[in-house]
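Worksheet: one structure, shown below.
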Amino acid sequence: MTPRDPKDRLIVALDVDTLAQADALLDRLQGVAGHFKIGSQLFTAVGPRAVEAVAKRGARVFLDLKYHDIPNTVAGAAREAARMGVSMFNVHASGGVAMMRAAAEAAAAAAKERGAARPLVLAVTVLTSLDRAALGRELGVASSVEGHVLRLSGLAREAGLDGCVASPNEIAAIRRALGPAWVIVTPGIRPAGSDPGDQSRTATPAAAARAGAHYLVIGRPITAAADPATAARAILEEMKA
């Protein structure tokens, strides 16, 4: 079910390289955003302390490390993610059904040990930096981006995952194919008039919300703003509208 409050649907990407920078953003966004993404940059720099910094402020963590390895290795990583108490994490759907199933089962077992709810386990489909030309020319995928995303999403559901990470362009097709309960987390969100940066498949917050995304991941338009809280509030207002 889609969260009703836009604040619960907004995930702010903490794509910084020091704990001090993350702490400063968390302090400035206290009470404005309740969900934060910790990706490879920050986690590689400071490790689980980044998760602890978010948790101690009462906010939730989307651990965006895109696990992609043999099933046993990914199961071990998923177990530790659940033990850290993150609310969601992701794996690459291209790792296959066995790998994704191992992640979901390991996360469920670890959460049960803690007496906590299992974190949402999401499949990364096609990165938002890739377009049709790159998908075909560089990766040898013959289908369209949308077709490949739908295939990977279907495999993720077969493996017992909760949802997927997909660009704004594929939200409507995924929603039609997989139904309202399938969680869609959407990066590549850019307010109208902002620089798309290295993203190829983008949309405004309002367009992504209308299309059916459960959660919107937004980084630089908030974190690089002169006043991150004001920027976040403007995006929340756009989502409400």
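The values are calculated or read from the model by the stated rules, or taken from the named source; none is laboratory data. This structure is a prediction, so every number in the text was calculated from the model and none was measured. Please note: Cβ atoms are built from the backbone with ideal geometry, for glycine as well, and neighbour counts cover all protein chains shown.
Just to be sure, is Ala104 within 23 Å of Gly154 (Cα to Cα) and not basic (Lys, Arg)? Spelling it out, Ala104 is indeed within 23 Å of Gly154 (Cα to Cα) and not basic (Lys, Arg).
Pairing each residue of segment 18-31 that is within 17 Å of Gly47 (Cα to Cα) with any residue that is polar (S, T, N, Q), provided the two are 6+ apart or on different chains, yields C-beta distances under 9 Å for Gln21/Thr223.
Residue-by-condition table, conditions (1) free of Cβ contacts under 8 Å to residues at least 12 places away in the same chain; (2) not charged (D, E, K, R):
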residue	(1), (2)
Ser94	no, yes
Val124	no, yes
Thr128	no, yes
Gly140	yes, yes
Ser144	no, yes
Val149	no, yes
Glu158	no, no
Asp162	no, no
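Among the numbered conditions (1) assigned to a loop (DSSP other than H, G, I, E, B); (2) out of contact with any helix residue (DSSP H, G or I) (no Cβ under 7 Å at 6 or more places or on another chain); (3) within 26 Å of Ala78 (Cβ to Cβ), tell me where Val185 comes up short. It fails just one condition, (1). Among the residues making up segment 61-102, a single one is in contact with a strand residue (DSSP E or B) (Cβ under 6 Å, 6 or more places away or on another chain) and basic (Lys, Arg): Lys66.
Only one entry in Ala107, Ala117 is more than 20 Å from Glu170 (Cβ to Cβ) and surrounded by 15 or more Cβ atoms within 10 Å (Cβ to Cβ), namely Ala107.
Comparison of Lys66, Lys37 shows that the only residue that is crowded, with 17+ Cβ neighbours inside 10 Å and touching an Asp or Glu at 6+ places or on another chain (Cβ under 6 Å) is Lys37.
Hey, could you check segment 136-190 for residues that are of a type in the set (S, T, N, Q) and buried (at least 16 other Cβ atoms within 10 Å of the Cβ) and say which is modelled with the highest pLDDT? Walk me through it before giving the result.
Within segment 136-190, the subset of a type in the set (S, T, N, Q) is 143-144, 153, 167, 169, 186.
The next check asks that each one be buried (at least 16 other Cβ atoms within 10 Å of the Cβ); those that pass are 153, 167, 169, 186.
Details: Ser153: 97, Ser167: 87, Asn169: 88, Thr186: 92.
Top of the filtered list is Ser153.
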